[in-house]
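Note sheet for the following structure.
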Protein chains: 2
Amino acid sequence: VGTGTFIGVDWGTSRLRASLCKLGSEGLREIATRTGPGVLAARDSIEDTLFGAIQPWIADHGTVPLLLAGMVGSPIGWRTLPYLDCPVVAADISSRCASFVSRGHSVLMVPGLACVNDLGLPDRMRGEELQVLGWLASDPAHGVGKRIVCLPGTHTKWVTVRDGRIVSFCTAITGELYTLLTRHSVLLALDSGAQAELVFDPDEFDAGVEVAAQHRAAAMHLLFSTRSRMLKRASSPGAAASYLSGLLIGADCATFVDRGAYAAGSIAVVGEPELCRHFATALGRLGAACEVFDGKRAALDGFADILGHRAAMRDEAVAS
Amino acid sequence: VGTGTFIGVDWGTSRLRASLCKLGSEGLREIATRTGPGVLAARDSIEDTLFGAIQPWIADHGTVPLLLAGMVGSPIGWRTLPYLDCPVVAADISSRCASFVSRGHSVLMVPGLACVNDLGLPDRMRGEELQVLGWLASDPAHGVGKRIVCLPGTHTKWVTVRDGRIVSFCTAITGELYTLLTRHSVLLALDSGAQAELVFDPDEFDAGVEVAAQHRAAAMHLLFSTRSRMLKRASSPGAAASYLSGLLIGADCATFVDRGAYAAGSIAVVGEPELCRHFATALGRLGAACEVFDGKRAALDGFADILGHRAAMRDEAVAS
């Protein structure tokens, strides 16, 4: 697959996360990480922000390849990469990366994906494709048969993979709804107008999942019960937020599990470990088996996979 | 029912709407209206705000009864009235109004309602009960048999009435979701970061309703298509907002229409006329018949109905 040092940058709307990685005979190692502002905040100084974030590593390591994924490849980012239409395999994504030089470093930018999802609606992703590639690369078994990858986050992506090919995906704005409803809606609004720290309450989360599981088709009519339940039980905003989280994650998972297109089988949940556990709880309650994978690791494996495909492309070009 | 002049005040979280009304032999007439700040903004000066808003009328008419409904009867309002548990009839609500004197004027405050809704979840309303009472009082036929009253607004209330008795209701936060998602989410976010005026596009609204009608159980997985559709069609934020409105209203209506508890029959949609028309469009697409009623008029009829019940109570007390 190749060896050497590279810097992988997962650069979304609201955050930059850079990883200094070493790819050696014993596999991939993350040596250090740094964070920085998202493309929205950095939009007028993308290049300066990037090199500011990785400056100490460049001082130590000299010229290293930079791999970028996420909204940095959108109109609010550095360069706008067109979406690739599904179905796609890893080699398609790798060959369609934008490749250019910046301040003496080779830069690869990973394109996002477009599809018509299983509801017949247009759908889009930018950044999550990296984790799917990493998850696929981490175990050859993942590339066999039909697999479902769930990527929880601001926007949950339910990805259908068949024999290593990303066929389609469907987005739910579950995480964003949670943030909007806890920050801006009346659902948790304390009558005193006070802001409160939202301490997670696992029992209330389970209660929310249970309500969502019981009334699978009624998500739109469940959310207000967050407020009514809080008024009735005089519970804390943290308890109400946990219940709301359970409702939203439960409804998101139930909507997928009840879909005709989904046949029973283990779902791979890839993302931030605590959030993945919440999804695993909900999927378990709904009778769907799942396995949890670390999303940060999957992203790095995705970068490494792309480097490997790029190296193979070069070798082929040289051989022919 | 009684005659005379009164001031009805529908005083919610974000707005006060006062109506000077005359109840005579030819029925109820609204003579003038004034608006003012909601209880949230006025909370530290409720009485001053109220009398400031109605001052010109008092100068002309002297001492008149004041009828208040909405969040003014909550902990963020003037006095906290406990919720009445459903089922209730108009006479129950009338007899449980808070009655006191302020600056020489008799004040009646209408209590909100609590229930366990048809999904088995606790539910609450404060203010909308007035429109249900008004709708019931406006036609004796409305008090016969099982009737569904839909009150669209920030929070849609789906009210079940049986033989003039408010049995239960279910809340959907449809309007609030629309506001949150258009203002704060990525769904409409222009990549340029610009704010845009959202011009209603009836065709895009219909498209949203159609998608919601096709995928009734999948509301959680439909919302992101607002963004994907906008990206794909390069459509305006107004078009995207109209599509989102269609999705949300369509999903709200479908969730109710598909409910086991709902048997076919005409639904009374009571509220702001344009919003009612949008709900009527969605209900029509879903095969549910409906009739639209003006919500402001229903609220005034509700106040008049309460005054009538109070007068009858007094007459009974005198007679006994």
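Kindly indicate which of A:302, A:284, A:295, A:260 is more than 23 Å from the chain's Cα centre (by Cα) and closer than 27 Å to residue A:162 by Cα.
Details: A:302 fails: more than 23 Å from the chain's Cα centre (by Cα); A:284 fails: more than 23 Å from the chain's Cα centre (by Cα); A:295 fails: more than 23 Å from the chain's Cα centre (by Cα).
Testing whether each residue is more than 23 Å from the chain's Cα centre (by Cα) and closer than 27 Å to residue A:162 by Cα leaves just A:260.
Got at least one residue in segment A:129-140 being of a type outside the set (S, T, N, Q), modelled with pLDDT of 95 or more and more than 20 Å from the chain's Cα centre (by Cα)? Break it down stepwise before answering.
Taking segment A:129-140 first, the residues of a type outside the set (S, T, N, Q) are A:129-130, A:132-137, A:139-140.
Adding the requirement that they be modelled with pLDDT of 95 or more leaves A:129-130, A:132-137, A:139-140.
Filter once more, keeping what is more than 20 Å from the chain's Cα centre (by Cα): A:140.
Yes, segment A:129-140 has at least one match.
If residue A:103 satisfies every condition in (1) within 14 Å of chain B (Cβ to nearest Cβ); (2) basic (Lys, Arg); (3) over 24 Å from residue A:154 (Cβ atoms) but one, which is the exception?
With (1) within 14 Å of chain B (Cβ to nearest Cβ); (2) basic (Lys, Arg); (3) over 24 Å from residue A:154 (Cβ atoms) applied to residue A:103, the lone miss is (1).
Count, please, the residues in segment B:54-77 that happen to be part of a helix (DSSP H, G or I) and either touching a strand residue (DSSP E or B) at 6+ places or on another chain (Cβ under 9 Å) or charged (D, E, K, R) (or both). Steps first, answer last, please.
Just the residues of segment B:54-77 that are part of a helix (DSSP H, G or I), to begin with: B:54-61, B:71-73.
From what is left, the residues that are either touching a strand residue (DSSP E or B) at 6+ places or on another chain (Cβ under 9 Å) or charged (D, E, K, R) (or both) are B:54, B:56-58, B:60-61, B:71-73.
Count: 9.
I'd like the full set of residues that are touching a residue at least 40 places away in the same chain (Cβ under 8 Å) and part of a loop (DSSP other than H, G, I, E, B), limited to segment B:211-260.
If the condition is that a residue be touching a residue at least 40 places away in the same chain (Cβ under 8 Å) and part of a loop (DSSP other than H, G, I, E, B), then B:223, B:236, B:258, B:259 are the ones that fit.
Restricting attention to segment A:271-292, and to residues there that are assigned to a helix (DSSP H, G or I) and among the small types (Gly, Ala, Ser), which single residue is surrounded by the fewest Cβ atoms within 10 Å (Cβ to Cβ)? Talk me through it step by step, then tell me what you get.
At the first step, the residues of segment A:271-292 found to be assigned to a helix (DSSP H, G or I) are A:273-285.
Remaining after also requiring among the small types (Gly, Ala, Ser): A:280, A:282, A:284.
Numbers: A:280: 20, A:282: 30, A:284: 13.
If we take residues in segment A:271-292 being assigned to a helix (DSSP H, G or I) and among the small types (Gly, Ala, Ser), then A:284 is surrounded by the fewest Cβ atoms within 10 Å (Cβ to Cβ).
Specify the residue that is farthest from residue B:267 (Cα to Cα); the eligible residues are those in segment B:147-160 that are buried (at least 18 other Cβ atoms within 10 Å of the Cβ) and among the β-branched types (Val, Ile, Thr).
B:156
Taking the options B:210, B:176, name whichever one is surrounded by fewer than 17 Cβ atoms within 10 Å (Cβ to Cβ) and either more than 19 Å from residue A:171 (Cβ to Cβ) or at pLDDT below 95 (or both).
On the way: B:176 fails: surrounded by fewer than 17 Cβ atoms within 10 Å (Cβ to Cβ).
That would be B:210, the only listed residue that is surrounded by fewer than 17 Cβ atoms within 10 Å (Cβ to Cβ) and either more than 19 Å from residue A:171 (Cβ to Cβ) or at pLDDT below 95 (or both).
Just one of B:38, B:62, B:77, B:12 is of a type outside the set (A, V, I, L, M, F, W, C) and either surrounded by fewer than 19 Cβ atoms within 10 Å (Cβ to Cβ) or away from chain A (no Cβ under 14 Å) (or both); which is it?
Working: B:38 fails: either surrounded by fewer than 19 Cβ atoms within 10 Å (Cβ to Cβ) or away from chain A (no Cβ under 14 Å) (or both); B:77 fails: either surrounded by fewer than 19 Cβ atoms within 10 Å (Cβ to Cβ) or away from chain A (no Cβ under 14 Å) (or both); B:12 fails: either surrounded by fewer than 19 Cβ atoms within 10 Å (Cβ to Cβ) or away from chain A (no Cβ under 14 Å) (or both).
Answer to the selection: B:62.
Sort out which residues of segment A:70-129 are more than 28 Å from residue B:207 (Cα to Cα) and among the basic types (Lys, Arg), and write them in order of number.
A:79, A:96, A:103, listed by residue number.
Do you know which residues across segment B:5-34 are in contact (Cβ under 8 Å) with a residue 40 or more places away in the chain and either under 16 Å from residue B:308 (Cβ atoms) or of a type in the set (Val, Ile, Thr) (or both)?
Across segment B:5-34, the qualifying residues are B:5, B:6, B:7, B:8, B:9, B:13, B:21, B:23, B:28.
Checking residue A:180 against (1) under 27 Å from residue A:12 (Cβ atoms); (2) touching a residue at least 12 places away in the same chain (Cβ under 8 Å), which test does it fail?
Among (1) under 27 Å from residue A:12 (Cβ atoms); (2) touching a residue at least 12 places away in the same chain (Cβ under 8 Å), residue A:180 violates only (2).
Filter segment A:152-164 for residues that are away from chain B (no Cβ under 12 Å), on the phi < 0 side of the Ramachandran plot and charged (D, E, K, R) and give the result.
The answer is A:162, and nothing else.
Taking the options A:168, A:185, name whichever one is at pLDDT below 90 and crowded, with 17+ Cβ neighbours inside 10 Å.
On the way: A:168 fails: at pLDDT below 90.
From the options A:168, A:185, the qualifying one is A:185.
Going through A:149, A:167 one at a time, which residue ends up being more than 25 Å from residue B:154 (Cα to Cα), touching a Pro at 6+ places or on another chain (Cβ under 8 Å) and more than 8 Å from every other protein chain (Cβ to nearest Cβ)?
A:167
Taking segment A:19-33, which residues are surrounded by 16 or more Cβ atoms within 10 Å (Cβ to Cβ) and either of a type in the set (Ser, Thr, Tyr) or more than 18 Å from residue A:130 (Cβ to Cβ) (or both)?
The initial filter retains those residues of segment A:19-33 that are surrounded by 16 or more Cβ atoms within 10 Å (Cβ to Cβ), namely A:19-21, A:23, A:28.
Matches in segment A:19-33: A:19 only.
In segment A:123-146, is there at least one residue being within 23 Å of residue A:264 (Cα to Cα) and within 14 Å of chain B (Cβ to nearest Cβ)?
No, every residue in segment A:123-146 fails to be within 23 Å of residue A:264 (Cα to Cα) and within 14 Å of chain B (Cβ to nearest Cβ).
Looking only at segment B:246-278, filter to residues that are at pLDDT below 95 and over 28 Å from residue A:255 (Cα atoms); which one of those is farthest from the other protein chains (Cβ to nearest Cβ)?
B:266
Quickly run through segment B:223-233 and pick out the residues that are hydrophobic (A, V, I, L, M, F, W, C) and at the interface with another protein chain (Cβ under 7 Å from one of its Cβ atoms).
Taking segment B:223-233 first, the residues hydrophobic (A, V, I, L, M, F, W, C) are B:223-224, B:230-231.
Listed by number, the residues that qualify are B:223, B:224, B:231.
Does any residue in segment B:106-121 that is within 14 Å of another protein chain (Cβ to nearest Cβ) and among the charged types (D, E, K, R) come within less than 7 Å, Cβ to Cβ, of a residue that is part of a loop (DSSP other than H, G, I, E, B) and surrounded by fewer than 21 Cβ atoms within 10 Å (Cβ to Cβ) six or more places away or on a different chain, and which pairs are these?
Between residues of segment B:106-121 that are within 14 Å of another protein chain (Cβ to nearest Cβ) and among the charged types (D, E, K, R) and residues that are part of a loop (DSSP other than H, G, I, E, B) and surrounded by fewer than 21 Cβ atoms within 10 Å (Cβ to Cβ), the close pairs are B:118/B:259; B:118/B:261.
The values are calculated or read from the model by the stated rules, or taken from the named source; none is laboratory data. Fair warning: this is a prediction, and the values are worked out from it, not measured in the lab. Reconstructed Cβ throughout: ideal geometry from the backbone, glycine too, with neighbour counts over all protein chains shown.
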